[in-house]
1. Separation between the residue B:857 and residue B:15 pseudo-spin-labels, each 7 Å from Cα along Cα→Cβ, expressed in nm?
2. How about the range A:1-109: which chymotrypsin sites (Phe, Trp or Tyr not before Pro) there are in a DSSP loop, with at most 15 other Cβ atoms within 10 Å of their Cβ?
3. Report residue B:582's accessible area, 1.4 Å probe, all protein chains in place, as a number in Å² to the nearest 10.
4. Can you pull the one-decimal nm distance between simple spin-label points at residue B:436 and residue B:582, each 7 Å off the Cα toward Cβ?
5. Residues with amide H under 5 Å of residue B:675's amide H, sequence separation 5 or more or different chain, H placed in the peptide plane at 1.01 Å from N; which?
6. Please give the Cα centre distance for the range B:473-533 versus the range B:1006-1085, rounded to the nearest Å.
7. Label points 7 Å out from Cα along the Cβ direction at residue A:257 and residue B:1136: separation in nm?
8. Using only the Cα atoms of the range B:1021-1061, build the gyration tensor, take square roots of its eigenvalues as a ≥ b ≥ c, and label the shape rounded, prolate or oblate: rounded if a/c is under 1.5, else prolate if a/b is larger than b/c, else oblate.
Amino acid sequence: MKLTLKNISKTYKNGVKALDALSCEITAGMTGLLGPNGAGKSTLMRTLATLQKPDSGDIFFNEIDILKDPLSLRKQLGYLPQEFGVYPKMTAEELLGYFAALKGIPSGKAKDDLIHYVLELTNLYDVRKKYVDGYSGGMKQRFGIAQLLLSGPKLIIVDEPTAGLDPAERNRFLNILREIARTNIIIFSTHIVEDIKDLCNDMAIMNNGRILKHVHPVDCIKELRGKIWTKNINPDRLEEAESAHEVLSSGYNRDDSVNIRVFSEHDPGEGFAIGQPALEDYYFAVLNGNLK
Amino acid sequence: MFLTILKSEIKYWLKNPAYYFYLIIFFLLGAAAMAGAAGAFGEDSSSVKTANSPMGIFSFVMLFGKLMLFLLPVIVGVSVYRDHKSGVYRLLYSFPITKSGYLSAKFLSSFAGVNIIALFFLCGLMLGAALPVVPAGRILPVEISAYAEIYFIFLLPNLLLSGIIVFTVVVLSENIYAGFISVVLLFLLRESASRITVSAETGGLGLLIEPFGEAAVHYFTRNNTIVQNDIISLPLTGTIVLNRVLWLTVSIFLAAFLYRVFSFEGGFFRRLSGRTNNSIEQSSAAGEKIKIYFPEVKSVWGIPDKLKTAWYLSNAEIKYIIKSRSFLIVVIAGIILISTILMQANPQTGTKLLPVTWSILGLPVFFFSMLITVLTFMYAGVLINRAKICRIDSLIDTSPAGDGILLLSKFLALVKMQIILLLVIMASGIGFQIYSGYYRFELIQYIFALFVLHLSGFVIWAFASLFVQNLFRNSYIGLFLLVLAAIGISNLPHAGIEKMIFRFNQNPEPDFFMKLSDLSGYGYSLLPFFVYKAYWFIFGIIIFLLSILFSKRGLTETFTERLTNAALKFRGKIAYVILFLCGGFTAYGYFINAAATGNEEMMFKTGNQESLKSEFTTRYSALKEIKQPRITAVNAKIELYPESNSMYAEGFYTLINRTLYPIDTLLVRTGFDEITAVSFEDEIESLIDDSLFNFYVFKLRKPIAPGDSIKMSFNIKNRQNTLLVKNSNILNNGTYLKSDIFPRIGYIFDGSTIFNHYQGSDADLISLELLTGTSEGQTVIAPGKTIKRWNENNRTYTLNKTDEKVKFVFGIHSGIYEVYKDYHLGSFIEVYYHKPHTNNLKQIVDGIKQSMSYNSDNFGAYPFRVIKVAEFPRSEGSYATTAANIVSISEIRFLTDIRTPVDNNIDISFYVSAHELSHQWWGNQVMPADVPGAHMITESLTEYITARIYEKRYGKQSAERFLSVQMERYLKGRTSETGEEPPLYTVDAERSYISYGKGAVAFYLLSEYIGEERFNRAVKKFFEKYKFGGPPYPVPVDLLGFLENETPDSLKYLISDMFKNVVFYDNRVSETRISSLGGGKYRIDAEFLISKYRETGFKGRSYNDDSGKSTEYTLFSGDVLRSMPLRDYIGLGYIDKDGKLIYLKNYRTDGIYNSVSFVVDSEPVKFIIDPNNLLIETEKNDNM
């Protein structure tokens, strides 16, 4: 199971270069796609989901050339967009029936069972007779997962799914994804580092239409070991510190002092203490260009 | 803030290319419509109206105003819907803006936008009138004021009303389609209201209810002639003003209502129904461990599976349509529309047709069909854009269902919607039949008409709608274009495109659906109908496949991108199929076009009779004076083949030379529809053989000596029927074959002579022997006595012979008939009717009997031993006629609903049969000469006699009602008069509004004034002098002479006014005082003005009598009234407080001003002049 991207480029009419000769290879498991807003994540996700065509480049999923033969990919694709609506006045059961039909699942008991199964899995069974357009954000998101699961997809594209979910819902949601990811490819875009840390066995950091780093989350913590330094400073001196050091992040403490985390190959002195490296540090370090 | 919104709104539209598109379209439409009406694209002979008269402009504005209505949701509706869709709505809440500021800025800016389009349209009209290609005759100098008047009094208020309705609906429902639906409903309201108007004699409520004021204007111009319409500006009568004020008030109230209930929080209907927008919350169980195993469910992608999938998906789509409130409202409105139409009585007679299946399948379905078509246009857009609007598109676009499946599901949903609507029609139709107590349900007839014939047309529209909506991806533009296309396609012939192969989804026979008959079904038209439907169905599939190529998936693409994508997709199977279908479509089109072209010569001949006739005259006028023998006997054998719609006839004429000279040259004309061969016993030489005019000239070797006769033999067969055209009048059942298939002798006679009777230039009276063969099971009804009837070779033969001579004008019927027999005054009455049509037999026979009695009592005996009445299908016409001893009556007269009370209506079946039988005296026994005014002797006199028969049967009041219908017919008929209106005694055959309408009124008036007995005595003398007479035949002044002899001098003015001139009264009551004298006595003092004028020349008015005298009267106001000199009798009467009409006296006036006073015994409410409605006057409302 392998997804291969070769030299994917996409420039929008307004001149924005969303994808810039992007290449990478993704295998089974859960791949987190991390990047700031505007990095090109959504463009990439939509391209993988066959909603958009790049200007140039090739994408293969196993043997399928997804740009030439999108329909074949769609038979194995599960896609959950960042934001979606539903048809009004359709219950979850009806709407899943509709999607099942779209996915080529013939009517009959097997289909009904499948729908019940995914409803149970996403904990929507009790509200299956309710209109989906009345669902809360989390429920709707789970409904998105439910429809995605219907056809047993091999490639799953999930675009910033956890935004707006409460912690319990998020947890459940991620668990489901994690479970599916054991045998399939899941690409999961987010700008929340937390999501990746817990789940992903693969991670790509993206900015300006390019993948800056494509690593295993555990490896990157290792890579940063001994390079993260931390210190509390007076907020007035933040600018000064930023110009003197590679500041990755900063945050207020309870006493109104500011805790800064700094990337440095060596002890920067000045009272910096060695910090426990976190995924977030890696992310910022990559974005800042600190890691080669 | 108001200004900010206003500005941004205007900016939005100015930046929107669609807006410019609308501007240009309406501008061009205006220009093209005006130029077209003025004859820029060739002569439109149907009207000689001035194109840019106020009425002309008005009708354009009304017609295209309807199209403009569809701009309202697009522009006015969208202005608020945009905010709603983007959620800006809720943000506005936090801005410092008032409701009124927001609503008025939105409405005013968008409404101004619509009005600019309307003004562009008016400019287009003006330009169209000024184009150099426009011939001068149909254009008046442009008057800006006329445009302004129509804009400010009609177009602007109508747009305002509709605009506010649409705005309100969209704001409150937060649904743009509800806006479209409200436009459709406005349409329906207009249609039903104008239908109510038509039926009401006095105008009444319908004129007010009709929201656009169009019905009112038509009502008040109904008695204007074309010329008056050309010069007179629009009438602004009280009712029209009231209508305008009423609907303007409604608009204002609606606006106020909207202001009251509007809230930035939205959700008016949710608040109304108490539902809240709260979403369902569910406590989520926290992260338990999950084990996922997938049930083995395999996706299947075979062709049958895909079809099943499409079917399944279409169910979800159709459920969505049905569940929407708008759809429900449309269905209800449609049912109301159908019922309103069905409830309508015949406006002229007040009678209703039985609710037979074809009557429900006619007009009601026609209107409902428009609704189905518009809904197809609209829901195609809804279904195409729904996923995007619901933002579920990314889920659907990434599903493995192909574009074909998705599109097919939408197509199927549209067809299902159409089927549901057709079921609604069927249910309403049957419901109405049950309600009316009519229980002959013809389910097969319904199903075939609705679900085969109509549906096939709708399905083709569904293809086209999906294609357009899929291409444009904008419901509003798509809907607008489709409506525009539908109107445009139906008007293609006006733009010179007449070939059916270019007229998308049109029926080769325009009134195909209106000709369905119980006797003959759809007849031969069914085949061409399917031939063309199949043709357009192929086209539909082609555009459906193209739609698949142009389907859009994923992110917005530019049109070029979609084009490239479509080109990329154009390969493999789908490409071959498209190419194959295109080839097939072209070949098929070529083939049917060739089949239709074979007939063009015929079409040309029937379509250009006038020019052909003049061509004939220039070519052969030298032959005009050649004396010809007369036909005195016709012997023929006619074979009818109902199954193959064909016939064959052979036989011979006996021609006698009644001139004083030998005749050696014979001129023969044969029918255009038939292939005819003629032969003679003696040798002949062919001098002229002109197949264009079917005109032949033979030279006889042996001339016919004076008093001598020869035989002329002939055989006739109809031209071969083709795939698309039937070339004979033979029907599968109910054939009504007329004697015009036979060859005729002589030059086309076109003048007037007293030596021919009005229905024959080559024969006086003939003896007739006919042997007619038809399919076994059918009965032949032919003129004369039935001598013998037998079966031979599975065919039925009937031999008929006349015992009295008849005119050479007759018809032969053949069909499966039941017969009803009766006997009256020594004659047998036989009615041949279609088995289920028993409803009116009694009245028809009654009419025959009463007519026989009245005519024999007053004039002379019925000449034959038998009178046969035969029913013929409505596809052949809705008239009735008499020839020899047969009265032929259309199917529809057998289907009058007799349960409607006769006091308020005309018993039309009785009337028709009484009228036709009277022709046995007036037309068959007395034959007027072939001169102008012949119809005064045949039709006018017959209508008068029918009125008297009617009076005997149903009483004076009914007869007066009958006469007021005739009066209305006259006054209405003359409104479309394009030439000089002739007086009654020179009326021609075409002007039936004079010969029937005015004729009945004139004779009845004279008869009332001099007395029925005296009148009939004069007529009897006339009858006795001329019955069964040969040439010279009587002329109108002969009849008037007899009448003059019986008319006292004081009333002779009537003969001059009513028969020899075109005279109108203009009477009015100027003052009435009613006082009680006590003891139940009352006194009426009334003043009234009488004036009478004569129409002279072309619509001129003269107050001079023959000697050039006139009279004058100066009103108190200083105005001078003029009149022809008056020594006239005017009936006076009053209405008492019980609503009873009481006749006072026939008052002789000798001047314009009159003052009378009466003492009466009951309390008067109104004083009336001419209470019996005998005098001809265009405006009667001021007579009381």
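The values are calculated or read from the model by the stated rules, or taken from the named source; none is laboratory data. Bear in mind that the values here come from a model prediction, so they are computed numbers and not experimental data. With ideal geometry, Cβ positions are generated from the backbone for all residues, glycine too; neighbour counts draw on all protein chains shown. When the accessible area is computed, the model is the full protein with side chains, heavy atoms only, and any ligands, DNA or RNA have been set aside. Shrake-Rupley method; radii C 1.70, N 1.55, O 1.52, S 1.80 Å.
1. 8.7 nm
2. A:12
3. Ignoring ligands and nucleic acids, residue B:582 comes out at about 50 Å².
4. That separation, rounded to one decimal, is 5.0 nm.
5. Amide H neighbours of residue B:675, under 5 Å, 5+ apart: B:717, B:718, B:719.
6. 51 Å
7. In this crude spin-label approximation the distance works out to 11.7 nm.
8. Since a/c reaches 1.5 but b/c is at least a/b, the shape of the range B:1021-1061 is classed as oblate.
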